[in-house]
Amino acid sequence: MEFLRPVSLGEALEMKAARPEAVPIAGGTDVMVELNFDHRRPAALLDLTRVAELAEWSRDDSVVTFGAALPYTRLINELGTDLPGLAIASRTVGSPQIRNRGTVGGNLGAASPAGDTHPVLLASDAVVEVASARGTRSIPASEFYLGVKRNALEPDELITSIRLPKATGPQQFAKVGTRNAMVIAVCSFAISLHPNESRAGAAIGSAAPTPRRVRQAEDFLTEVLDWESPQALPDSAKRRFGELVASAAEPIDDVRGSAAYRKHALAVLARRALGWAWDAYREGERSCA
Amino acid sequence: MTATAEPEVGKARLRKEDARLITGRTRWTDNITLPGMLHLAVLRSPMAHARIVSIDTSAARDMPGVVAVLTATDLDPDGEIGMPCAWPITPDMRHPRRPVLAATEVNFAGEGVAVVAARSAAEAEDALEHIEVEYEDLPVVLDMEAALAEGAPLVHEDLGTNRSALWVFDSGEAGTGGDVEQAISDAEVKLTRRFRQQRLIPAFMEPRSTVVDPTGPQLTVWSSTQIPHILRVMTAMTLGVPEHKLRVVAPDVGGGFGGKIAVLPEEMMAALVARKLGKPVKWTESRSDAMLTAHHGRDQIQDITISATRDGMVTGLKVDLLADMGAYLGLVGPGVPLLGAFMFNAIYKIPAYRFACTNVFTNKTLTDAYRGAGRPEATFAIERMMDELAAELGMDPLELREKNWIRHDEFPFTTVAGLTYDSGNYEAATERAKQLFDYDGLRREQQARRASNDPVQLGIGISTYTEMCGLAPSRVLGSLAYGAGGWESASIRMLPTGKVEVVTGSSAHGQGHETAWSQIVADQLGVPFEDIEVLHGDTQFSPKGMDTYGSRSLAVGGTALVLAARRVLDKAKPVAAHMLECSVDDMEFTGGKFTVQGTDQSVGIQDVALAVFAAHDLPDGYEASLDSDATFDPENFSYPHGTHLCATEVDTETGRVSIRSYVCVDDVGKVVNPLIVEGQIHGGLAQGIAQALYEEAVHDESGTLTTGTFADYYLPSAADMPTFVTDRTETPSTTNPLGVKGVGEAGTIASTPAVVNSVIDAVRHMGVDDIEMPCSPMRVWQAIQGGAR
């Protein structure tokens, strides 16, 4: 196995163009596991840890852009205020050691339905910036996940950065697992309120072949939420939202949980997360007023 | 030299050994490198049950760095070598031969089929995939009841059955109590429950490793084992190596939890390969292999019937077990359920008792000792039954226990299982635990949450446990057909400069022997803690020992140490008297000094050591040595006990369980080092809680282990553990001069039922009276769904 070590993005893209079969590796928290268990044997690894620009971030008034190889720990510490939902999800990834190495770019590259950050990226209208020697393109998160562990990348492309609007309202992420750390989600849910657009984004993980947005549930919120003079949500509305979220799931029975439990738990997570987020929004509106 | 003023025993000394163990700057087996050493890798069967049609090793032999590729045909051409089982629990026990490498048939996924010896570990590993094995499928049997059914596929065709043995204890027949069938049929109340002890993986930190050097005068075996002494005897008997030509070393060992009480096929394989090739060899397993092939623990189905009077006096207890042995019998595996046989009656005065255990073969990794070995299973069953009985009778579960337990003034007490508990004070431990826990306050909160229909319900779980440990009186072991005794040995060597070498036959693998043993000897001999070195784990300087398991080291090995120290003093006394020119009868010994009674004339033990070394002026006929050995064989077990109270919050919508508070008050007798005791309790609790909530080894229908990594086998992390509130009562054991009891397994034994009782208590009002372990969110939710129906 060859180990390619580019020192700049340009060099990395050239290498990837020359060796499209090379597997990019940053934190290695997914790739190394696959190698260790011999699930894959790539002819080459493309080490991105020396490409400095992939671990940088910038922001303006409305948008945050961060490099694909920015470790979770830095994302939490440096961007947590602007991207609260992503920070909550990132805190549930693995252990401190894994968060020191693992990256959102890696989550996207692996495209596992159980990846913790996917629902947040979907709910928050993230855009995945990818590049190749041929040029760059922007892929909305909602078009990025194509199947179980399959994404929209071309063989010569690398994920360079992730672009998200700064949070304009409360965001929540919740997952069910069998323990509190080092756990692969049985199911997960994210919601982002976008008061500036009078709508909310919501998405599920570990409950379908890909992470997915739950559009019917989002539309329901557009109907019922009064952004101008926010009222307490009736339990029946929260429950209906939970049902709509669960109905969008197509989970399987596996060693981590049954399909029936996943659907049920998603409904509970969605109902609760909506409650927390909406209450936080009302609280914020009250204190502004 | 000054003697220590305050006693060492009882001090919370930091552990001497920690710096080297924590930093890894020490000798783990895998750190050992010998000149010319080859590395071994084992090809393992992916099939749970198959006939081996052919093995082609030719391509692997041509791989770079490969020196040899060997199979059973090469290592044991006549098929004579079988792994030892030291506990034939019944005369008719069926004991299939477990080969070093499978020759004609594989019986569980993970069984070794071939071994590669290469110049590097990586080359050995790489060569494995060039070995071609053709298998022919055989039917797989995984479930114990299915295995016992008529016409079931057989794990070992030649045995004609999957039943290994049936072992029965009946108090009516033994004369220790009444007839349980009578008690049950006469009962005002009776309850029957089935509990499943899921299969667990010991998950020690250091994977197993062994190095064998055939080049010296002796065959030297280093191994990451709990039992170097037993391994020496067993290797001699298994391979026919004369025992005096065999040296076994357990260097620093990174944990075991019972998982390294084993004589491994890989150890025998390494010895055979080393002898065949005439070169040192090393085998170190991967974590994956450790999960798959190191013996597993628990895996029992327990059918329990308890009978009682309507006012809550237990009248009888009947236990029917199925115990999954896996594909073969481990070193002590068949006897593990027997260690529980005497513990189902626990701390209660039960007039009639019957225990029957059927050991069953399945196509899975073999099971054997795992922290608590037999006692956690028993304690779980009885403590769950006491809660169920309390619910049935509408009594407070603590009140029911108190009504039935052995009162402090009734000790010593001979139980219905025939053991004599020497001491205990269940009242004191329970009282203290209730205070620390705020039992009454939490019960009130529980009522309030039920009344308000809170989605998060509160449960209170109780476990008032005892256990038998300090294994063990040799006569008792003999009566149970165990293959060895239960004594322990110690040697104390007084060096010329007054320093002390202590050799113990109890081989530590993380327990802190070096610190605790130093504290004991410091007090006995009155020498400074720092002047004592504790040596263990090498049969060259420690030829006698029974090693470390069953919470035995302190109660048995610590006592041997005290006896040896007393002999040192007996030998030193006449020399001291001679040096002080007085009569032996006028000498007294305190604080490391022999003093002439009523004078200030004295001589220190360390000065006596120098005088004995010089031997210039000793009493006539004196044998010039203070060195002393002792062997201690306990007359009885030690019986730690305690009360554990656990409060859990159960999210009835998601099934999530969080431990809100955990209080334990343990009575482990006299404490040598409170820090070590605390560490043992914390680790024990974590391991017991893990069984209750997290861990389970799962096989799919083909017999493949699907929980072979830490991503799927949910070992809890610190983030899953509550802050433990621990306290102790101190009722000294009367079965050893130190007054100590074992503590290594107590936390694990006690905590599992406390947690499960708590989870069930939280949702009992929703119709739930049992949840299978581990109580994962999904299982709890499903139980609530089932209860509501």
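The values are calculated or read from the model by the stated rules, or taken from the named source; none is laboratory data. Here the structure is a predicted model, which is why all the values come from computation and not from measurement. With ideal geometry, Cβ positions are generated from the backbone for all residues, glycine too; neighbour counts draw on all protein chains shown. Please note that ligands, DNA and RNA were not included when accessible areas were found on the heavy atoms of the full protein model with its side chains. Shrake-Rupley method; radii C 1.70, N 1.55, O 1.52, S 1.80 Å.
Using +1 at the C-beta of Lys and Arg and -1 at the C-beta of Asp and Glu, which of A:Leu153, A:Ala110, A:Met32 has the Cα lying farthest in the positive direction of the dipole of region A:2-165?
Highest projection toward the positive end goes to A:Met32.
Mean separation of Cα pairs under 8 Å and 6+ residues apart, divided by the residue count of chain A: what relative contact order is that in percent?
Numbers: 620 pairs, mean separation 45.6, N = 289.
About 16 percent, as a whole number.
Dipole size in debye (nearest 20) for region B:16-134 around its Cα centre, Lys and Arg Cβ +1, Asp and Glu Cβ -1?
Dipole size: approximately 580 debye.
Please list B:185-196, A:66-77 highest first by mean number of surrounding beta-carbon atoms within 10 Å per residue. If you can, show how the numbers build up before the last one.
Values: B:185-196: 15.2, A:66-77: 22.3.
Ranking the peptides B:185-196, A:66-77 by packing returns A:66-77, B:185-196.
Calculate the translational D of chain A in whole µm² s⁻¹ from Stokes-Einstein, where the hydrodynamic radius comes from the Kirkwood formula applied to all Cα pairs, the temperature is 25 °C and the viscosity 0.890 mPa s. Kindly include the intermediate steps, with their values, before the conclusion.
Numbers: Rh = 19.4 Å.
This corresponds to a translational diffusion coefficient of 127 µm²/s.
Please sort by residue number the chymotrypsin sites (Phe, Trp or Tyr not before Pro) in region A:250-281 whose DSSP state is loop and whose Cβ has at most 13 other Cβ atoms within 10 Å. Could you put the intermediate results ahead of the total?
On the way: sites: A:Tyr261, A:Trp276, A:Trp278, A:Tyr281; in loops: none.
Of the chymotrypsin sites (Phe, Trp or Tyr not before Pro), not one in the loops of region A:250-281 has a Cβ with at most 13 other Cβ atoms within 10 Å.
Averaged across B:777-783, how many Cβ atoms of other chains sit within 10 Å of each residue's Cβ atom?
Working: counts 7, 11, 3, 0, 8, 4, 0.
Per residue, the number of nearby Cβ atoms from other chains is 5 on average.
What dipole magnitude, in Debye to the nearest 20, does region B:444-574 give about its Cα centre under +1 on Lys/Arg Cβ and -1 on Asp/Glu Cβ?
420
Can you give me the pair-distance distribution of the protein assembly as shown, C-alpha pairs, 20 Å bins, whole percents?
Cα pair-distance distribution for the protein assembly as shown, in percent: 12, 36, 36, 15, 2, 0.
With a probe of 1.4 Å, find how much accessible area chain A has per residue, and write the answer as a whole number in Å².
Values: 12290 Å² over 289 residues.
On a per-residue basis, chain A sits at 43 Å².
On average, how many beta carbons from a partner chain sit within 10 Å of the beta carbon of a residue in A:254-261?
Working: counts 1, 6, 3, 5, 3, 0, 4, 9.
For this peptide, the per-residue mean of nearby foreign Cβ atoms is 4.
When ranked by the protection proxy of mean other Cβ atoms within 10 Å per residue, highest first, what sequence do the peptides B:69-75, B:430-436 form? Let's see the in-between values first.
On the way: B:69-75: 19.9, B:430-436: 18.0.
Final packing ranking: B:69-75, B:430-436.
Students sometimes get this wrong: rank B:Tyr370, B:Tyr482 by accessible area, probe 1.4 Å, all chains present, largest first. Could the numbers behind the result be given before it?
Details: B:Tyr370 5, B:Tyr482 35 Å².
In descending accessible area the options line up as B:Tyr482, B:Tyr370.
Rounding to the nearest 20 debye, state how big the charge dipole of the protein assembly as shown is about its Cα centre with +1 on each Lys and Arg Cβ and -1 on each Asp and Glu Cβ.
1500
May I ask you to list the lysines whose Cα is less than 28 Å away from that of B:Lys276, ignoring any residue fewer than eight positions away on the same chain?
B:Lys245, B:Lys260
Any chance you could check the Cα centroid distance between region B:355-372 and region B:151-211 for me, in angstrom?
8
Based on DSSP H runs of at least 4 residues, each adding -39500 (n - 2.57), what is the mean residue ellipticity at 222 nm of the protein assembly as shown after dividing by all its residues, to the nearest 500 deg cm²/dmol? Spell out each step's value before the answer.
Details: 32 runs with 332 residues, N = 1078.
So the helix-based figure for the protein assembly as shown works out to -9000 deg cm²/dmol.
Protein chains only, probe 1.4 Å: how do B:Met546, B:Met313, B:Met721 rank by accessible area, largest first? Mind showing how you got there, number by number?
Numbers: B:Met546 20, B:Met313 75, B:Met721 40 Å².
Solvent-accessible surface, decreasing: B:Met313, B:Met721, B:Met546.
Solvent-accessible area of A:Glu53, probe 1.4 Å, all protein chains present, reported in Å² to the nearest ten, please.
Spelled out: A:Glu53, probe radius 1.4 Å, area about 80 Å².
Just the number, please: percent antiparallel of the DSSP beta bridges in chain B, rounded to the nearest 5. Mind dumping the intermediate values first?
Working: 99 of 128 bridges.
Percentage antiparallel, nearest 5: 75.
Per-residue mean of other chain beta-carbon atoms within 10 angstrom of the beta-carbon, peptide A:173-180? The partial results should precede the final answer.
Numbers: counts 0, 1, 0, 8, 4, 14, 12, 8.
Averaged over the peptide's residues, the number is 6.
Could you check how much of the accessible area of chain B is carbon and sulfur, as a whole percent, using a 1.4 Å probe? Present the calculation step by step, with values, prior to reporting the outcome.
Working: 13790 of 27740 Å².
That fraction is 50 percent.
Over chain B, one equal point on each Cα, no solvent: what is log10 I(q)/I(0) by the Debye formula at q = 0.05, 0.06, 0.11 Å⁻¹?
These q points yield log10 I(q)/I(0) values of -0.28, -0.40, -1.23.
Could you name the lysines whose alpha carbon sits less than 26 Å from that of B:Lys403, not counting residues in the same chain fewer than 8 places away?
B:Lys190, B:Lys318, B:Lys349, B:Lys434, B:Lys741
Relative contact order of chain B: what whole-number percent is it, with Cα pairs under 8 angstrom and at least 6 residues apart? Walk me through the numbers before you get to the answer.
Working: 1966 pairs, mean separation 122.7, N = 789.
Once divided by the residue count of chain B, the mean separation gives 16 percent.
Got a sec? Charge dipole of chain B, +1 on Cβ for Lys and Arg, -1 for Asp and Glu; which of B:Thr33, B:Ala508, B:Ser602 is way out at the positive end?
B:Ser602
With the Cα gyration tensor of region A:2-165 in hand, give its eigenvalues times 5 under a square root as the equivalent ellipsoid semi-axes, listed largest first in whole angstrom.
23, 18, 15
Write down the accessible area per residue of region B:586-650 in Å², having rolled a 1.4 Å probe over the full set of protein chains. Working shown, then result.
On the way: 2980 Å² over 65 residues.
Heavy-atom accessible area per residue stands at 46 Å².
A:Lys16: which lysines have alpha carbons under 27 Å from its alpha carbon, excluding same-chain residues fewer than 8 sequence positions away?
Excluding near neighbours in sequence, the set is A:Lys149.
What's the ranking of B:650-663, B:28-41, B:53-66 by average number of surrounding C-beta atoms within 10 Å, highest first? Provide the component values of the computation, followed by the final result.
Values: B:650-663: 21.6, B:28-41: 17.9, B:53-66: 15.3.
Per-residue mean Cβ counts within 10 Å order the peptides as B:650-663, B:28-41, B:53-66.
Have a look at B:Met721, B:Phe632, B:Met766 and report the one farthest towards the positive end of the charge dipole of chain B, computed about the Cα centre with Cβ charges (Lys/Arg +1, Asp/Glu -1).
Ranked along the dipole, the leading option is B:Met721.
Please report the relative contact order for region B:388-445, taking Cα pairs under 8 Å with a sequence separation of at least 6, and give it as a percent rounded to a whole number.
On the way: 31 pairs, mean separation 12.3, N = 58.
Taking the mean separation of contacting Cα pairs over the length of region B:388-445, I get 21 percent.
Using only protein heavy atoms and a 1.4 Å probe, how much accessible area in total is buried between B and A, to the nearest 100 Å²? Present the calculation step by step, with values, prior to reporting the outcome.
Numbers: alone 28700 and 13290 Å², together 40040 Å².
Summing both chains' loss of accessible area gives about 2000 Å².
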